[in-house]
């Protein structure tokens, strides 16, 4: 196989520090109903985009996407500017942007699935790809 899935990263809710949910450590996705939502364009990650929307639908929430940003750092800056809320990979919390609080998701949680893909023949012909693949297999 030329695709190796090696990790699933949990997601978190990102809210402005002044948001009513900001005092909580966790919240269900249903708490985002009616909120202006910031997300990346579907073309930047269709699988994760669809996973987030599906998890929200399962929680009874139809997202009202009011802003799109191509990078997680841009999404977090828009949240800090109080332009909306978002669902982001848990590692995004390491950005430690003032004005943003991260909450664990209660109930069904979307996952960011991390995978490595290689072109056919690359494992056999490219030592760097072979070593990277071997490293990903042990993660």
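Please treat every number below as a calculation from the coordinates, not as lab data. Just so we're clear, the structure is a prediction, and the values are computed from it rather than from any experiment. No Cβ is skipped: glycine too gets one built from the backbone with ideal geometry, and neighbour counts run over all protein chains shown.
Under the definition of Cα pairs under 8 Å and six or more residues apart, what whole-number percent is the relative contact order of the chain? Normalised by residue count, the contact order of the chain is 43 percent. Highest mean packing first, where packing is the average number of other Cβ atoms within 10 Å per residue, the peptides 54-62, 33-41 line up as 33-41, 54-62. Between the helical axis of 127-138 and the longest alpha-carbon principal axis of the chain there is an angle of about 50 degrees. Working from label points 7 Å from Cα in the Cα-to-Cβ sense, the residue 82 to residue 33 distance is 2.5 nm.
Each peptide in 123-135, 93-105 receives the mean, over its residues, of other Cβ atoms within 10 Å, and ordering these scores from highest gives 93-105, 123-135. The angle separating the long axis of helix 46-58 from the principal Cα axis of greatest extent in the chain is about 40 degrees. When shorter helices are ignored and each DSSP H run of at least 4 residues is given -39500 (n - 2.57), the per-residue value for the chain at 222 nm works out to -8000 deg cm²/dmol. Cα-based values for the stretch 17-58, radius of gyration first and Dmax second, are 12.1, 33 Å.
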